[in-house]
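Undergrad: Sharing a structure with you now.
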Amino acid sequence: MLGLLMPLHAEITDGGGLGSLVETFLPWFGLFVPVLLAGALWRRSAAAVAALLLPVVAWLSLFGGLLLDKSQPGGDLTVVSHNVNAENPDPGGTARDLAASGADLLALEEMAPQTTVAYGKELAKAYRYHTVQGTVGLWSKLPLSDSRSVDVLRGNAGPLAHTRRAEDLPVDPPRALRTTVATDQGPLVVYVAHLGSVRLMPRNGFWTDSRDVGAAALAKAVAAEQNERVVVLGDMNGTTDDRAFDGLTSQLHSAQEAAGDGFGFSWPASFPMARIDQILVRGVEPKSSWVLPATGSDHLPVAAGISW
């Protein structure tokens, strides 16, 4: 059953969000292999040991490539993305740590109104250009233009959406933006997004409606881009294995999968179990991808070096 579950995860029903929940933590299913091996050895069953080859091969086919260091030297730009946590007790310290990373482009998500000014004040020393749209922002060492918000959070998504009138829906601040970065090699379109949260709910299971609506909206916006070079940064509240992101991963490549070393788990910061903070690219080449040290947030910052 374990050997079939991993390669056939896309066939699991998503009723109650079950499919998304399994796919979020899919790499961890490999931990059942040593447990089953111990049982097989205790039973002294050669057939059981042989049967374990199926889940081992399945896991390696899915995730074995992530165990290799695919990073390369060089890179024209360093990009960093970080969910800074609205309740971050030290926004100034977080900003200084991120600026010290040397990133050319620095994306922040989940900024609270009272801390946005603090981030801007600290980052102004290292970044001449910036744009903030609602709770997300991008700080850049290169000029920005055509900056605008992108609608990825809809108030009419959720278990009770059909019971609410349009005029009763909440007006949320923007949680995504689009901007154009002027580089020596031409324009680079950058999206910064913080998709809707997911929740474990007693009656509705793993609730992902808001996030899924946002993922579809973001994928639609990227598909409409005329510029061939696109980078998407942000907290997606899901992994690239999650079927909700098929619309994005069919157009963009994960920097971590292409040029990282290991899984690059980013959440929770105290014991990272999943990579829900993403750097996705199109038209540029990821050279390296890594995770930065913890700040005052419950997420770890993620970074990548990209080239043309």
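The values are calculated or read from the model by the stated rules, or taken from the named source; none is laboratory data. Computed from a predicted structure; not experimentally measured. As a convention, Cβ positions derive from the backbone with ideal geometry for all residues, glycine included, and neighbour counts pool all protein chains shown. Areas reflect the complete protein model, heavy atoms only, side chains present, ligands, DNA and RNA absent. Shrake-Rupley method; radii C 1.70, N 1.55, O 1.52, S 1.80 Å.
Undergrad: So how strong a dipole does the range 178-308 carry about its Cα centre when Lys and Arg Cβ are +1 and Asp and Glu Cβ are -1, to the nearest 20 debye?
TA: Details: 10 positive and 14 negative charges, 52 e Å.
Using only the charged Cβ atoms, the result is roughly 240 debye.
Undergrad: Still on this model: Accessible area per residue of the chain at 1.4 Å probe, in Å²?
TA: Spelled out: the 1.4 Å probe surface of the chain, per residue, equals 47 Å².
Undergrad: Mind jotting down a quarter of the surface of the convex hull over the alpha carbons of the range 176-245, in square nanometres, one decimal?
TA: Convex hull of Cα atoms, orientation-averaged projection: 5.1 nm².
Undergrad: Same structure again: Say each of residue 13 and residue 225 gets a label point 7 Å from the Cα, pointing the same way as Cα to Cβ; how far apart are those two points in nm?
TA: My value for the distance between the label points is 3.7 nm.
Undergrad: If you don't mind, another one. I need the peptides 50-63, 242-255 ranked by packing, meaning the mean over residues of other C-beta atoms within 10 angstrom, with the highest value on top.
TA: With the highest mean Cβ count within 10 Å placed first, the list reads 242-255, 50-63.
Undergrad: Taking amide hydrogens as modeled 1.01 Å from N in the peptide plane, which residues meet the under 5 Å criterion relative to residue 201, leaving out close sequence neighbours?
TA: For residue 201, the qualifying residues are 206, 207.
Undergrad: Another question about this same structure. Based on the alpha-carbon gyration tensor of the range 32-115 and its eigenvalue square roots a ≥ b ≥ c, which shape applies: rounded if a/c is under 1.5, prolate if not and a/b is larger than b/c, or oblate?
TA: It comes out prolate by the Cα gyration axes.
Undergrad: In whole Hz, with x marking every Gly and Pro, tabulate ³J(HN,Hα) for the range 75-83 from phi via Karplus 6.51 cos²θ - 1.76 cosθ + 1.60, θ = phi - 60°.
TA: Karplus-based 3J(HN,Hα) across the range 75-83 equals x, 7, 9, 10, 10, 10, 10, 8, 7 Hz.
Undergrad: Where a ≥ b ≥ c are the square roots of the eigenvalues of the C-alpha gyration tensor, would you call the chain rounded, which needs a/c under 1.5, or, failing that, prolate if a/b is larger than b/c, or oblate?
TA: Prolate, since a/c reaches 1.5 and a/b exceeds b/c.
Undergrad: Could you sort 220-233, 267-280 so that the peptide with the highest average Cβ count within 10 Å comes first and the rest follow in order?
TA: 267-280, 220-233
Undergrad: List the residues, sorted by chain then number, that are 5 or more residues from residue 76 or on another chain and whose placed amide H is less than 5 Å from its amide H.
TA: For residue 76, the qualifying residues are 306, 307, 308.
Undergrad: Less than 25 Å apart at the alpha-carbon level, and either on another chain or at least 8 residues along: which lysines does that give for residue 141?
TA: Result set, ordered by chain and number: 121, 125, 287.
Undergrad: Still on this structure: Taking 0.36 nm per residue of sequence separation and subtracting the Cα-Cα distance, how much length would be gained by fully extending the chain between residue 54 and residue 199, in nm to one decimal?
TA: Between residue 54 and residue 199, full extension yields an extra 48.9 nm.
Undergrad: Another one. Using +1 at the C-beta of Lys and Arg and -1 at the C-beta of Asp and Glu, which of 145, 190, 4 has the Cα lying farthest in the positive direction of the dipole of the chain?
TA: Of 145, 190, 4, it is 4.
Undergrad: Apply the a/c threshold of 1.5 to the C-alpha gyration tensor of the range 242-308 and tell me whether it is rounded, prolate or oblate.
TA: oblate
Undergrad: Further question: Would you tally the net charge around residue 292, using a Cβ to Cβ cut-off of less than 14 Å, leaving residue 292 out, and scoring K and R as +1, D and E as -1?
TA: On the way: positive: 96, 275; negative: 97, 261, 277.
Result for the local shell: -1.
Undergrad: When the accessible area of the chain is split by element with a 1.4 Å probe, what percent falls to carbon and sulfur? Each step should come with its number before you reach the end.
TA: Details: 8500 of 14530 Å².
On the chain, the fraction of accessible area on carbon and sulfur atoms equals 59 percent.
Undergrad: To test your reading of the geometry: what angle, between 0 and 90 degrees and rounded to tens, separates the Cα axis of helix 209-223 from the longest principal axis of the chain?
TA: With both axes taken from Cα atoms, the answer is about 60 degrees.
Undergrad: With a cut-off of 8 Å between alpha carbons and a minimum separation of six or more residues, what is the relative contact order of the chain in percent? Walk me through the numbers before you get to the answer.
TA: Details: 671 pairs, mean separation 64.4, N = 308.
Relative CO of the chain lands at 21 percent.
Undergrad: On a 0 to 90° scale, report how tilted helix 113-123 is relative to the longest principal axis of the chain, with both axes built from alpha carbons and the result rounded to the nearest 10.
TA: Tilt relative to the chain: about 80 degrees.
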